[in-house]
Amino acid sequence: MAGFELISDEGYRFDGRKPSELRRVRCNMGVFTQADGSAYIEQGNTKVLAAIYGPHEASNNMRSKVCLDKCFINCEFSQAMFSSAERKKRSRGDRKGKDMSAHIKQTFEAAIRTQLYPRSQIDIYLQVLHSDGSLYCACVNAATLALIDAGIAMKDYVCACSASLTKETSLIDINHVEELAGCAEFSAAIMPKLDQIIYSELNGRIHQDELGQLVDAVTSGCKDIFAVIDRFVRGRLEETASYFTHS
Amino acid sequence: MSNITIRLPSTRRTQNQYETGTSYLVTPGDVITEDTDYMRGHGTYCTGDADDKLYSSVAGVVERINKLICVRALKSRYTGEVGDIVVGRVKEVQQKRWKIETNSRLDSILQLSSVNLPGGELRRRSATDELNMRSYLNEGDLISAEVPQVNVDGILSLHTRSLRYGKLSQGCLVIVSPSLIKRRKNHIHNLSCGASIILANNGYIWIYTTQHSSQTEEGDGGFIISNESIPIEDREIICRLRNCIKCLAKRSVVLYDTSILYAYEASMSYKVKQLLDDEVCDEIVNKTIYLLQQANVGNSEY
């Protein structure tokens, strides 16, 4: 276990948050003009860029993976060399990158209405500029915003959040230091309006009785993130829709 | 000798001076209606369970036409319809057909039998024609075509059987979102400012010099391109038009010949390269929107 306390006696975490508080979320849509959809999200210090291309005709090297009745999602995740505290060169096909790409691909296959785009390909490119914990969650949130920007049909938003359990209190939105502290970390992606969990991942071990508490914590964290992102998307819609209806 | 402008990074205040109206905006997963009377259009879906609620699958404006409900997203790939005009780039030359990239979900197809070959339209396609396909259209060429048919799987079949369509040259391509192009009767215009424009439905806008009628005799099929030099005044007109269209597209103003002409007239007080500045762009777009609203007040139908 860690040599320092994750929660102080007054009930604050080491970065000053309360256990059920999220980090500050800031986002932007439409950051690249070349991509069909793009977004940028900051969750505290974790900063992720997402770009979506598609749906488009399958490229030559992916031709074999084309499905006749739905679209094929290709996800590429990469972390910049300067994103972590130690400058580390990461090659494109390394284990962690492939792992993360596979998880995100799985998540969005459940959320995108793939039957509407048979024989096409949708590319999701994620780039982490600064990593400070909850990487999977920030990537999923960024990709959701980018998909909405691209106008790709989805069943619902996909919001992800992480949580950990220490001394019977659940901590929401883990950052890097809390990740390293050795407690179990539980991440999940949910569709907030339909109230369905589409992806969950647990690193570490917890007792069976504690699982319920963690799931509740993560769900409430996701709903909070959803509130922030939805407000932003609606604000954007109002801005652009007013000119749109000038016809 | 040139001036360099450097801007500090900051968020621009968006000017929302115009009434938004009562458009119904939805985001993915919103319930649009619980009434089972309505038919589902694009951008909506039902979960198929007992609850029969109609959900939205994109973020956009809800459009209701009698009993049909659709949600139109602000940006999306082009979905072809019969009768549209498209501008596309040749991606591949295959046996007896060309694959054209048109900013849609799947690449479109131009059959060898759908083009005009030199020597008259009624000529049968021989084996030499097939071998000489590259001399007609090579990879990377831009063409304009019409959509006579949309296949079941969504692939568009194109044809260039009229002299209005064919290989494009001596002009400038501007790419905007397909949702900004208004569907009208005519998409090829000869603008009064001295250039011509093709507003293709897939968001590719082609600006070119107005052809003088001394060209193409019958039977050329639109594949011969002239490489004569264009005078500098014509080039300036094309550049100015291109910058105006980019400004309008940045602020999501619907593009058609009137709006482009208004923007062009509003831009005459600036030099062509000043139009790339954000403030000048805002001013021109505001003037255009104002003029469009004035025109709307008078008219009832376009």
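The values are calculated or read from the model by the stated rules, or taken from the named source; none is laboratory data. What you are looking at is a predicted structure, and each value in this text was computed from that prediction instead of being measured. Glycine also receives a Cβ, built like all others from the backbone with ideal geometry; neighbour counts cover every protein chain displayed. SASA here: full protein model, heavy atoms, side chains in, ligands and nucleic acids out. Shrake-Rupley method; radii C 1.70, N 1.55, O 1.52, S 1.80 Å.
Structure above, values below:
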{"item": "Distant-in-sequence amide H partners of residue A:67 (H built 1.01 Å from N, under 5 Å)", "result": "A:72, A:119"}
{"item": "Distance in nm between pseudo-label sites at residue B:162 and residue B:185 (7 Å out along the Cβ direction from Cα)", "result": "1.3 nm"}
{"item": "Region B:80-91 - phi-based ³J(HN,Hα) in whole Hz, Karplus 6.51/-1.76/1.60, Gly and Pro as x", "result": "x, 9, 5, x, 6, 9, 10, 10, x, 10, 6, 9"}
{"item": "Distance between region B:154-205 and region B:241-275 - C-alpha centres, whole angstrom", "result": "17 Å"}
{"item": "Relative contact order for region A:21-104, counting Cα pairs under 8 Å that sit 6 or more residues apart, in percent", "result": "16 percent"}
{"item": "Buried area at the B-A interface (accessible, heavy atoms, 1.4 Å probe, summed, Å²)", "result": "3600 Å²"}
{"item": "For region A:9-60, accessible area per residue (1.4 Å probe, heavy atoms of protein chains only), Å²", "result": "48 Å²"}
{"item": "Dipole-positive endmost among A:108, A:228, B:232 within the protein assembly as shown (Cβ charges, Cα centre)", "result": "B:232"}
{"item": "In nm, spacing of pseudo-spin labels at residue A:34 and residue B:6 (7 Å Cα→C-beta vector)", "result": "2.4 nm"}
{"item": "Above-threshold pairs, the threshold being 32 Å between Cα atoms, out of A:88/A:223; A:193/B:99; A:223/B:287; B:99/B:185", "result": "A:88/A:223; A:193/B:99; A:223/B:287"}
{"item": "For chain B: relative contact order, % (alpha-carbon pairs under 8 angstrom, 6 or more apart)", "result": "13 percent"}
{"item": "Computed [θ] at 222 nm, deg cm²/dmol, the protein assembly as shown (DSSP H ≥ 4; -39,500 (n - 2.57); rounded to nearest 500)", "result": "-8000 deg cm²/dmol"}
{"item": "DSSP bridge orientation in chain A - percent antiparallel, rounded to nearest 5", "result": "85 percent"}
{"item": "Residues in region A:147-185 reached by a label modelled at residue A:5 [backbone nitrogen below 15 Å; 7 Å Cα→Cβ]", "result": "A:166-169"}
{"item": "Positive-end extreme of charge dipole, the protein assembly as shown - chosen from B:205, B:138, A:62 (charges on Cβ)", "result": "B:138"}
{"item": "Using θ = phi - 60° and Karplus 6.51 cos²θ - 1.76 cosθ + 1.60, couplings along region B:229-234 (whole Hz; Gly, Pro as x)", "result": "7, 9, x, 5, 5, 5"}
{"item": "Heavy-atom accessible surface of region B:85-212: percent carbon and sulfur, 1.4 Å", "result": "48 percent"}
{"item": "Within straight-line cross-link reach of residue B:91, aspartates and glutamates at Cα separation under 18 Å, skipping those fewer than 8 residues along the same chain", "result": "A:57, B:101, B:107, B:130, B:139, B:141, B:146"}
{"item": "Rough spin-label spacing in nm, given labels placed 7 Å along Cα→Cβ, for residue A:169 and residue A:238", "result": "3.6 nm"}
{"item": "Out-of-range pairs (alpha-carbon distance over 27 Å; input A:155/B:75; A:89/B:246; B:182/B:246; A:47/A:98)", "result": "A:89/B:246"}
{"item": "Note, ³J(HN,Hα) from phi for region B:145-152, Karplus 6.51, -1.76, 1.60, rounded to Hz, x at Gly and Pro", "result": "8, 10, 9, x, 8, 10, 6, 4"}
{"item": "Hypothetical label at residue B:34: residues of region B:47-66 whose amide nitrogen lies under 14 Å (7 Å Cα-Cβ projection)", "result": "B:50-55"}
{"item": "Charge dipole (debye, nearest 20) of region B:43-168; +1 at Cβ of Lys and Arg, -1 at Cβ of Asp and Glu", "result": "360 debye"}
{"item": "Residues whose placed amide H lies under 5 Å from that of residue A:130, excluding near-sequence neighbours", "result": "A:47"}
{"item": "With every protein chain in place, region B:232-294: carbon and sulfur % of accessible area (1.4 Å)", "result": "53 percent"}
{"item": "Simple Cβ-charge dipole of region A:107-184, Lys/Arg +1 and Asp/Glu -1, about Cα centre, in debye nearest 20", "result": "340 debye"}
{"item": "Magnitude of the charge dipole, chain A, Cβ model with Lys/Arg +1 and Asp/Glu -1, debye to 20", "result": "900 debye"}
